[in-house]
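Any read-out appearing in this document is the output of simple, stated calculations on the displayed coordinates, not a laboratory observation. As the structure is a computational prediction, the values presented were derived from the model and not from experiment. Here the Cβ positions follow ideal geometry from the backbone for every residue, glycine too, while neighbour counts run over all protein chains shown.
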């Protein structure tokens with residue numbers, strides 16, 4: 001294990017994803033993103049290094065949510081028992097309507 005008198009110390013490590021908003025916090029080896037939003041999506045990388053070597057790993061953060069509201073809703077035709085509509089879909093937010 002790490003620590004203790006005379007025991008080896010863990011190598012330094014750091015997370016990267018510029019610019020880091022104040023909602024990002026690092027505790028030990030855990031990066032926490034509070035109040036995650038679609039703007040937080042992307043690649044996060046963690047790098048650990050020693051005097052002799054370094055290693056880096058990447059992770060993709062994908063935020064999934066309900067699709068956004070439709071835009072440009074228009075009534076094309078109104079009948080006695082039916083209506084024809086057209087619209088432009090809203091943002092999918094990585095959760096397409098099927």
**OP:** Determine which residues of segment 23-50 fall in the zone a paramagnetic label at residue 94 would reach in this model, i.e. backbone nitrogen under 15 Å from the point 7 Å along Cα→Cβ.
**Re:** 33-45
Original post:
Sorted from fewest to most neighbouring beta carbons within 10 Å, what does the list 46, 22 look like?
Top reply: 22, 46
